[in-house]
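These notes concern the structure reproduced below.
The values are calculated or read from the model by the stated rules, or taken from the named source; none is laboratory data. Predicted model only: the values in this text are computed from it and were never measured. Cβ placement follows ideal geometry from the backbone for every residue including glycine, while neighbour counts extend to all protein chains displayed. Just the protein is used for accessible areas: all its heavy atoms, side chains included, with ligands, DNA and RNA removed. Shrake-Rupley method; radii C 1.70, N 1.55, O 1.52, S 1.80 Å.
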Amino acid sequence: MSERHPERRGPPVAIAAALVASLLAGCINFAPTYQRPAAPVAATYPPETLPATPTGGVAAADIDWHQFYADARLKRLIEVGLENNRDLRIAVLNIEQARALYQVRRADELPTVGVGFTAQRAPAVNGKLVNTYAVGIAVSSYELDFFNRVRNLSEAALAQYLATAEARKTVHITLISSIAATYLAILADDEQLRVTRQTLVTREDSLRLTKLKFDYGATSELDFRQAESLLEGAKAALALSLRQRSQDENALVQLIGQPLPADLPPPLPLDSAQVTAELPAGLPSELLERRPDIRAAEQGLIAANANIGAAKAAFFPHISLTGTFGTASTELSGLFQGGSWAFTGTAQALQTIFDYGRNQANLDVAKVNRDIAVAQYERAIQAAFREVADALAGRATLGEQLRAQIAQANAESIRFRLSDLRYRNGVASYLELLDAQRALFVAQLAVVQVQAQQVQNLVQLYRTLGGGWIETADSASASASAPSARTP
């Protein structure tokens, strides 16, 4: 009989060991290779909305909101809102929920180990009933993830977790801009109330003068009724402004999550430097990295991509292991005696033959969901591009509009003084004075409205460029403790 040399067995054993190791490592992954879709927007923003000479400086997403907003009262309101807003609380809790779901999926990749005790009574070979007792460490139905089904499900859960974290940043940014916009609307309401009350005093004086002339027959009842109508119109405008201010304050209370604090600092006037005016727009491609809503949409796309791999893996056999290692005996007293150690193991492979199209339908659903995620990602980019472009258009035109509006209001103010002087001296008709009063009131309100639009537009530009979220020490430590993406 010839001798078998060990070296001749080596290569086949090594090859088999390498094959088993590669299978256990889960190298067979049916998930499509992820590629970021091309951005469906122009490479630059409309040139007419950009400065003639591009401004440098820090990007909006790198400017802390404490630096962007100058009003101490507004800063205090934002701080209160970040502590108490319920939408932000829900977003934070959603992150914790997504983290827990990811941990569930991550645990599926590892075997579940427990301590088990079994008692069995069965007939032996001689026909007698024999009791068998066993206790030990047990592993039940652990799936060998040869085709990365479990791993892809875990990757999808991780992407969903990361998308939820990005959604929380979006809520954070939106909350800050909403508080700022509502606060600025209240400042505009206060300014409108000031103008309306001033106009009301002027029209009351005008009515008294007209009434006096009417009583002495120096003017007609038509002039008196016109003055009365103008006064009531100012009272109606005052009531409207008061209602609008109350509604805006109610909205602000809801945003900050509590009644307005009594120790708020005094506000800055609406026409002061409320916010930073210089905000470099950058390029649309930068939004892909700076806007959390776009990053969240991309994580949704990554999750859909991983689900395709899990759906494809369902076509292949599911291999699971069940085993125990411990001690067994026919007597309870002999469980822990020497020589009673025992090991059992079972491997099960299940290959679906007839499932009436279930696996194929699940794969079709996964592919459609991936196409939907692509469309949602592209829609998020297009929406972000439009928001930035609209805000840039506002910044490019509102300054000139405000300048012209102020000039018109100044002209109307002079016209009103001259018309009033001419009417008192009997040179002009009362109709001329009424027209001047109406025009001045409208022009003054328009100045306030454009002032509010200009500063609120800068707030929106700051938000649309991703401003309002800065990684702090707390958020950085939270990110470090969070689950991270793994290399396939």
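Which residue, of Ala218, Ala262, is without any contact (Cβ under 8 Å) to a residue 12 or more places away in the chain and either buried (at least 20 other Cβ atoms within 10 Å of the Cβ) or farther than 30 Å from Tyr423 by Cβ (or both)?
Going through Ala218, Ala262 in turn, the sole match is Ala262.
Which members of region 81-100 meet the condition of being without any contact (Cβ under 8 Å) to a residue 60 or more places away in the chain, of a type outside the set (A, V, I, L, M) and over 14 Å from Ile173 (Cα atoms)?
Listed by number, the list holds a single entry, Glu96.
Check region 277-285 and report whether any residue there is open to solvent by 60 Å² or more (accessible area, probe 1.4 Å) and not in a loop (DSSP other than H, G, I, E, B).
yes
Go through region 133-143 and count every residue that is over 25 Å from Ala349 (Cα atoms) and loosely packed, with under 15 Cβ neighbours inside 10 Å.
0
The conditions are (1) exposed (fewer than 12 other Cβ atoms within 10 Å of the Cβ); (2) within 24 Å of Pro32 (Cα to Cα); (3) of a type outside the set (Lys, Arg), and Gln360 fails exactly one of them. Which is it?
Of (1) exposed (fewer than 12 other Cβ atoms within 10 Å of the Cβ); (2) within 24 Å of Pro32 (Cα to Cα); (3) of a type outside the set (Lys, Arg), only one is false for Gln360: (1).
Could you tell me whether any residue of region 337-345 is part of a helix (DSSP H, G or I) and over 26 Å from Phe316 (Cα atoms)?
Scanning region 337-345, I find no residue that is part of a helix (DSSP H, G or I) and over 26 Å from Phe316 (Cα atoms), so the answer is no.
Residues are listed down the side, and each one gets a yes or a no for (1) in contact (Cβ under 8 Å) with a residue 40 or more places away in the chain; (2) of a type in the set (A, V, I, L, M, F, W, C); (3) open to solvent by less than 20 Å² (accessible area, probe 1.4 Å); (4) closer than 25 Å to Leu238 by Cβ:
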| position | (1), (2), (3), (4) |
| --- | --- |
| Thr397 | no, no, no, no |
| Gln401 | yes, no, no, no |
| Ala409 | no, yes, yes, yes |
| Leu431 | yes, yes, no, yes |
| Ala436 | no, yes, yes, yes |
| Ala443 | no, yes, yes, yes |
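Per-residue answers, yes or no, for (1) assigned to a helix (DSSP H, G or I); (2) of a type in the set (Ser, Thr, Tyr); (3) free of Cβ contacts under 8 Å to residues at least 12 places away in the same chain; (4) in contact with a Lys or Arg (Cβ under 9 Å, 6 or more places away or on another chain):
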| position | (1), (2), (3), (4) |
| --- | --- |
| Pro37 | no, no, no, no |
| Val41 | no, no, no, yes |
| Tyr45 | no, yes, no, no |
| Gly57 | no, no, no, no |
| Ile78 | yes, no, no, no |
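Each row is one residue, and each column tells you yes or no for (1) assigned to a helix (DSSP H, G or I); (2) under 30 Å from Ala227 (Cα atoms); (3) open to solvent by 40 Å² or more (accessible area, probe 1.4 Å); (4) at pLDDT 95 or above.
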site	(1), (2), (3), (4)
Asn126	no, no, yes, no
Val150	yes, no, no, no
Ser154	yes, no, no, no
Ala159	yes, no, no, no
Thr199	yes, yes, no, no
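Looking at Arg225, Arg208 in this structure, which one is open to solvent by 30 Å² or more (accessible area, probe 1.4 Å), under 18 Å from Ser419 (Cα atoms), basic (Lys, Arg) and part of a helix (DSSP H, G or I)?
The conditions single out Arg208.
In region 237-255, what count of residues is obtained for those that are without any contact (Cβ under 8 Å) to a residue 40 or more places away in the chain and of a type outside the set (Val, Ile, Thr)?
7
Can you find, within region 57-79, the residue that is nearest to Leu268 (Cα to Cα) among those that are of a type in the set (Gly, Ala, Ser) and surrounded by 19 or more Cβ atoms within 10 Å (Cβ to Cβ)?
Ala60
Considering Leu433, Leu392, Leu402, Leu418, which residue is touching an Asp or Glu at 6+ places or on another chain (Cβ under 7 Å) and assigned to a helix (DSSP H, G or I)?
The match here is Leu433.
Please determine, by comparing only the residues of region 80-120 that are part of a loop (DSSP other than H, G, I, E, B) and of a type outside the set (A, V, I, L, M), which one is most open to solvent (accessible area, probe 1.4 Å).
Thr112
Quick one: is Glu387 acidic (Asp, Glu) and either under 40 Å from the mean Cα position of the chain (by Cα) or open to solvent by 90 Å² or more (accessible area, probe 1.4 Å) (or both)?
yes
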